[in-house]
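For reference, the structure discussed in these notes is given below.
The numbers here are math on the coordinates, done by the rules we state, and not lab data. Quick caveat, the model's predicted, so the values are computed rather than measured. Neighbour counts run over all protein chains shown; Cβ positions are idealised from the backbone, glycine included.
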Amino acid sequence: MSQDRKLEVGDVIITGVAVQVWGYSVELERTLILGEPTSEQARHFSAMLKAQEAGLSACGPGVPLREVDRRVRQVLLAEGLGRSLRHHTGHHLGWEGHEPPYIDAFAAGEMRPGQVFSIEPGVYVPGLGGFRHSDTVLITEDGAELLTRYPRDLGSLTVEA
């Protein structure tokens, strides 16, 4: 990260928005690519998106937190990127933003109705960049509701240079 470097064509940029709604945290992050993505950038973006989709689809009442993480890791392992995940799959959102319980391989507990989580697996490749989307989900009595809505596909997140 640099505060004085100008953006250049080919840069991978992770943007983030965190807001408070009635005192509760909501977050939305997206990966942008400045200019036409390379095949390597597109591959890693696609793998990250598949992993996040697996995590989002796994959410629901009674689902063990580590199961959500397992499904995300399963996708990244299948893509040959198991070592590229450098942090938890997600975390609880409440009064403080990033707070326990965390969604990772060592998490205890399960999702309960009324809880709100971020699902934000990231793929980080030295010399190439980081690829991470974060979305906020509410656990309901019979599933999960996506609270953040913003395009997630590569075409929508490619910034014309």
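When the range 14-56 is limited to residues that are among the aliphatic types (A, V, I, L, M) and without any contact (Cβ under 8 Å) to a residue 60 or more places away in the chain, the one that is surrounded by the most Cβ atoms within 10 Å (Cβ to Cβ) turns out to be A54.
Taking the condition over 30 Å from V9 (Cβ atoms), touching a residue at least 24 places away in the same chain (Cβ under 8 Å) and surrounded by fewer than 21 Cβ atoms within 10 Å (Cβ to Cβ), does D104 pass? Yes.
Of the residues making up the range 100-145, those that are under 12 Å from the mean Cα position of the chain (by Cα), within 17 Å of S25 (Cα to Cα), outside any loop (DSSP other than H, G, I, E, B) and not β-branched (V, I, T) number 4. Checking each residue in the range 21-51 for being under 19 Å from L146 (Cβ atoms) and either of a type outside the set (D, E, K, R) or part of a loop (DSSP other than H, G, I, E, B) (or both) picks out V21, W22, Y24, S25, V26, L28, T31, M48, L49, A51.
Given the criteria under 23 Å from S25 (Cβ atoms), over 13 Å from the mean Cα position of the chain (by Cα) and not in a strand (DSSP E or B), does R70 qualify? So R70 fails the test.
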